[in-house]
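These notes are about the structure you will find just below.
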Amino acid sequence: MVADPDPAAPGYVQVALNLPLRREFTYAVPPGWRAVPGNRVRVTFHGRKLGGIVTATAATTDLPPAKVRPIELVLDGDTALPPALLELARRMAATYGCSLGEALDATLPAVAKRRGERLVPHLEVKAPLDLARQAVFELEDKHQERSRVLRTVLEFGGPMPLFDVRARTNTSDSPWRTLCKHGLLRKVMIAEELEELVPAIEEAALRHQLNEHQQRAVDTVATMVTAGKHRTFLLHGVTGSGKTEVYLRVLEQVRARGKSAIVLVPEISLTPQTVGRFASRFPDVAVLHSGLTDAARGRQWQRLLQGKARIAVGARSALFAPVQDLGLIVIDEEHESSFKQDSTPRYHAREMAIVRGEIENAVVVLGSATPTLESIGKARRGIYELLTLPQRAGAGRLPKIVVQDLRAEPKESRRAGVVLSRTLLVMMQERLSAKDQVLLFLNRRGYSPVLLCPSCGEAVKCESCSVSMTWHNRRGRLVCHWCCREKRRPETCATCQSPGMHELGVGTERLEQAVKERFPQAIVARMDADTMAERGAHERVLSAFRKRHIDVLIGTQMIAKGLDFPDVTLVGVVSADTGLFVPDYRAAERTFQLLHQVAGRAGRGEKAGTVVIQTFCPDNYAVAAAANNDYDSFVQQELGFRKLTGYPPFARLLRVLAEARSETEAQGLLQKAVEPLRGLPDLEVLGPAPAVVAKVKDHWRWHMLVKCFQPASFQRAMAAIGTVEDLGTRTCRITLDVDPSSLM
Ligand code: ADP
Ligand code: ZN
Ligand code: ZN
């Protein structure tokens with residue numbers, strides 16, 4: 001490696017490009033220029049100008065010099081990606097089967113990729129509002145996507161980033177362009193504004209006297225940090241046991257030793273409250289979150305790179321924060337599936353944190369009240385060191401949990417299709433009279449998930465996907481939750497022409513209506529993807545709830561995690577069963593985690609809390625264990641099942657998904673891909689078979705699942721499958737997913 005090539009003798013560099021090509025390319029360094037590994041450069045590749053990262057330098061090349069093109073630009077040459085991050089990207093590419101360029105792209109903030117003043121395209125309503133609303137209505141039948149786009153911008157209530165419009169409506173560029181042409185929308189370029197996440201001052205965390213369990217955890221971790229050795233700890237602490245206080249104390253030690261730290265929290269928990277807890281103790285916190293503009297993110301990145309900030313707090317991608325002298329990585333709520341990225345590179349931040357810890361001799365702490373089976377499995381095998389916080393810290397006590405068997409409920413408790421058990425109703429009445437607050441949890445949005453013909457039993461399906469459409473009453477539309485397609489409610493059944501379609505099942509919208517009918521005095525709010533479409537809605541509702549302007553908050557998993565409201569004394573789980581029968585080996589684990597986390601929202605203050613879990617399956621081991629606050633017995637049972645069926649932690653999974661308009665093509669491609677896997681030792685292939693959701697957006701989906709029982713068999717399987725670009729074609733998309741978080 002030539003760190004500073006002689007200006008007289010032009011050197012060569014290897015450049016990784018953000019393309020799915022598993023090799024680097026040689027470029028020449030013009031005389032007098034300087035390029036080192038980790039530098040961002042601009043090059044020409046097959047006539048296109050691309051950004052890339054220098055991965056190595058050399059004085060000479062084996063290629064004919066005339067064929068080697070020069071690099072065109074070195075971007076911010078003084079701030080190269082640190083070598084440890086280059087190495088991390090290499091390991092990431094090897095583990096997840098992506099190219100080094102794709103892996104490197106994930107480690108860089110957007111601003112470092114593009115330069116200069118950034119103007120971001122937004123869409124805003126140009127026509128008078130009533131005219132625009134009228135247009136939404138008129139376009140609905142013939143130009144559904146246009147109608148959807150216009151409605152989304154209207155509902156947002158201000159200039160909406162074009163990127164978000166497209167993502168939310170699942171549309172291409174053509175609908176919004178036409179709307180602009182017709183004078184309904186207008187594209188505006190808005191300069192990026194600074195969007196710092198201001199820490200909430202009231203959260204200035206009290207520096208509590210640690211209890212003995214916390215103290216032991218802090219001491220154990222701090223000893224390792226001081227020793228400067230890599231080690232992974234699993235901090236298993238019940239909800240409210242003071243895990244954050246443990247992180248804060250260890251961070252003090254890290255800083256006292258002049259080292260840096262990274263704290264990862266789930267995106268949804270990255271609120272002013274959470275940030276406030278860290279920022280109030282440490283002046284040099286850099287916050288990295290998705291709401292940051294590229295410019296702001298770039299500034300935080302520079303602060304970290306220059307050592308001006310030594311603690312990075314953020315969601316998944318903060319793992320790549322370029323901190324100096326890393327001592328500690330904390331992953332709070334390690335069980336959260338949002339730590340797995342669901343686009344290339346499909347990395348899991350927990351696994352990559354451990355790799356980064358190895359590379360930089362840093363300590364990794366995984367915290368959770370409900371550790372994943374993978375993590376607890378590793379802790380039991382001594383790969384991680386287990387630390388336990390068995391009780392709530394401070395005033396809070398674990399809530400009392402009541403399981404309400406819905407099979408025994410009389411007919412009267414079912415009104416308008418919504419089941420609110422007598423127990424839950426009585427307690428809601430009681431809590432509301434006492435002016436306490438109530439959380440109702442239901443993990444399903446919309447009014448009713450299925451619209452069914454009572455005569456022939458056919459449900460209304462999406463024309464593009466093989467799923468039922470969800471009825472949204474307020475909007476008056478059936479919506480496909482997979483492709484966003486909408487349609488009007490049919491008067492009669494499409495199959496047998498019988499009239500009177502029946503709303504089957506309950507979503508949050510229907511629940512909200514039922515609660516308002518039963519408790520007309522109560523102020524009820526709903527928090528789900530539908531009500532949160534408006535700008536700033538999330539923060540508004542939470543702040544209203546905090547100020548006690550809301551009595552009953554209904555929500556999907558958006559309200560399940562992390563909320564800490566001392567006046568919530570009752571949590572109702574309207575249906576514990578929604579996720580129980582999903583065809584995924586993790587269905588029980590997810591149900592347990594969710595129930596446990598939701599239950600943890602009650603009784604966080606001085607007042608005692610109660611949780612009512614409504615279920616048709618009270619004997620299910622996941623439901624029963626959650627009701628008894630019994631993580632260990634759940635793990636015991638579940639590990640038994642996993643061992644029997646050969647799923648993680650007893651195997652590493654690799655999923656290959658093929659999507660094409662022609663089902664035969666998707667199927668054929670996988671059948672070819674599976675061939676080299678046949679006969680390999682220590683692995684098992686399930687499929688190829690149609691995916692659970694067999695069609696999405698008119699693309700047929702086939703998949704196969706490879707269970708690798710040994711690290712070596714995982715390596716062999718990855719090698720045998722080959723690269724995604726070898727497999728895929730112009731008409732069939734291939735996705736290679738290591739440790740998949742979804743099997744649908
Ligand atoms: P967790 O992250 O484990 O859910 P938190 O860190 O949010 O728990 O702590 C729950 C509450 O207990 C917080 O209000 C926190 O300030 C308080 N707390 C933490 N440690 C102590 C302690 N040693 N004594 C008293 N209160 C504590
Ligand atoms: Zn019918
Ligand atoms: Zn669809």
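Yes/no per residue for (1) surrounded by fewer than 18 Cβ atoms within 10 Å (Cβ to Cβ); (2) in contact with a Lys or Arg (Cβ under 7 Å, 6 or more places away or on another chain); (3) of a type in the set (Lys, Arg):
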residue	(1), (2), (3)
597	no, yes, no
600	no, no, no
630	yes, no, no
651	no, yes, no
654	no, no, no
659	no, yes, no
663	yes, no, no
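One line per residue, one yes/no per condition, for (1) within 16 Å of ligand 1 (Cβ to nearest atom); (2) at pLDDT below 90; (3) at positive phi:
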{"residue": "460", "(1), (2), (3)": "no, no, no"}
{"residue": "468", "(1), (2), (3)": "no, no, no"}
{"residue": "475", "(1), (2), (3)": "no, yes, no"}
{"residue": "478", "(1), (2), (3)": "no, no, no"}
{"residue": "484", "(1), (2), (3)": "no, yes, yes"}
{"residue": "513", "(1), (2), (3)": "no, no, no"}
{"residue": "516", "(1), (2), (3)": "no, no, no"}
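Restricting attention to the range 544-558, the residues that are modelled with pLDDT of 85 or more and open to solvent by 10 Å² or more (accessible area, probe 1.4 Å) total 8.
Just one of the listed residues (362, 353, 369) is under 20 Å from the mean Cα position of the chain (by Cα), open to solvent by less than 10 Å² (accessible area, probe 1.4 Å), away from ligand 1 (no atom under 16 Å from the Cβ) and more than 30 Å from residue 478 (Cα to Cα), namely 353. Does residue 521 meet the test of being closer than 30 Å to residue 429 by Cα, open to solvent by 40 Å² or more (accessible area, probe 1.4 Å) and of a type outside the set (D, E, K, R)? The answer is yes for residue 521. Listed by position, the strands (runs of 3 or more DSSP E) enclosed by the range 16-73 include none that has at least 2 residues that are out of contact with any Cys (no Cβ under 7 Å at 6 or more places or on another chain), without any contact (Cβ under 8 Å) to a residue 12 or more places away in the chain and open to solvent by less than 70 Å² (accessible area, probe 1.4 Å).
Given the criteria surrounded by fewer than 24 Cβ atoms within 10 Å (Cβ to Cβ), within 15 Å of the chain's Cα centre (by Cα) and either within 16 Å of ligand 1 (Cβ to nearest atom) or not assigned by TED's automatic domain parsing to the domain that holds residue 231 (or both), does residue 332 qualify? Answer is yes for this residue. Taken over the range 718-744, the residue count meeting the criterion of being more than 21 Å from residue 342 (Cβ to Cβ), of a type in the set (A, V, I, L, M) and in contact (Cβ under 8 Å) with a residue 24 or more places away in the chain is 1.
Quick one: in the range 514-530, of everything that is part of a loop (DSSP other than H, G, I, E, B) and in contact (Cβ under 8 Å) with a residue 12 or more places away in the chain, which residue is farthest from the chain's Cα centre (by Cα)? Checking each candidate, the answer is 521.
Residues that are hydrophobic (A, V, I, L, M, F, W, C) and under 20 Å from residue 103 (Cβ atoms): does the range 26-33 have at least one?
Narrowing the range 26-33 to residues hydrophobic (A, V, I, L, M, F, W, C): 28-29, 33.
With the extra rule that they be under 20 Å from residue 103 (Cβ atoms), the set shrinks to none.
No: zero hits.
Here is the figure for the range 696-711: residues that are touching a residue at least 40 places away in the same chain (Cβ under 8 Å) and open to solvent by 40 Å² or more (accessible area, probe 1.4 Å) total 6.
The values are calculated or read from the model by the stated rules, or taken from the named source; none is laboratory data. Please read all numbers here as calculations on a predicted model, not as lab measurements. Methodologically, a virtual Cβ is constructed for each residue, glycine included, from the backbone with ideal geometry; neighbour enumeration extends over all protein chains shown. Accessible surface is based on the protein model in full, side chains and every heavy atom, while ligands, DNA and RNA are left aside. Shrake-Rupley method; radii C 1.70, N 1.55, O 1.52, S 1.80 Å.
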